[in-house]
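Comments concern the structure below.
The values are calculated or read from the model by the stated rules, or taken from the named source; none is laboratory data. Predicted model, so just to flag it, every value in this text is computed and none were measured. Because the Cβ atoms are built from the backbone with ideal geometry, glycine has one as well, and the counts that use them run over all protein chains shown.
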Amino acid sequence: MAALTSFQPTAPGTVATAGTVSSSDTISQTQLGSRGAYLLIINGGASPDTVAISDGGATPAGNAGTSSGGTVTNGTNKAFFISPYAFNQSTGVVTVTHTFTTSVTYYLFPIG
């Protein structure tokens, strides 16, 4: 399990280097902006990557949050929104899993 690193955009620009994904990654609560974050997945590989993003939150009735994500087709990019409330209260992280990792990279940009 690898911890993803975020890049905070600035007006003059921020140099951001794509990170590599593993089959299970985490995003700490401190990496999320006050309004969440955008996770951009770049699939340069030869197979689709199914991305699952955990939601450690709960509804007002106490039901578990609904995981999000989707498939990033080979040779394409897809951006996912991660809510600032998606982290697990016990662990302080959001878990992101991948079904395919060869030539798959990411950028994580906090919002706010």
Quiz prompt | Close pairs (6 angstrom Cβ cut-off, 6 or more residues apart or separate chains): under 19 Å from Thr17 (Cβ atoms) in the range 87-110, part of a strand (DSSP E or B) and hydroxyl-bearing (Ser, Thr, Tyr) anywhere | solution = Thr105/Thr20; Phe109/Tyr38
Practice problem: Inspect the range 60-69 for any residue being touching a residue at least 40 places away in the same chain (Cβ under 8 Å), part of a strand (DSSP E or B) and of a type in the set (A, V, I, L, M) and give the result as yes or no. | Solution: no
Quiz prompt | Residue satisfying all of: in the range 57-78; among the aliphatic types (A, V, I, L, M) and surrounded by 12 or more Cβ atoms within 10 Å (Cβ to Cβ); modelled with the highest pLDDT among these | solution = Val72
Quiz item: Do the conditions hold for Phe87, that is, is it over 14 Å from Asn43 (Cβ atoms), modelled with pLDDT of 95 or more and within 14 Å of the chain's Cα centre (by Cα)?
Solution: no
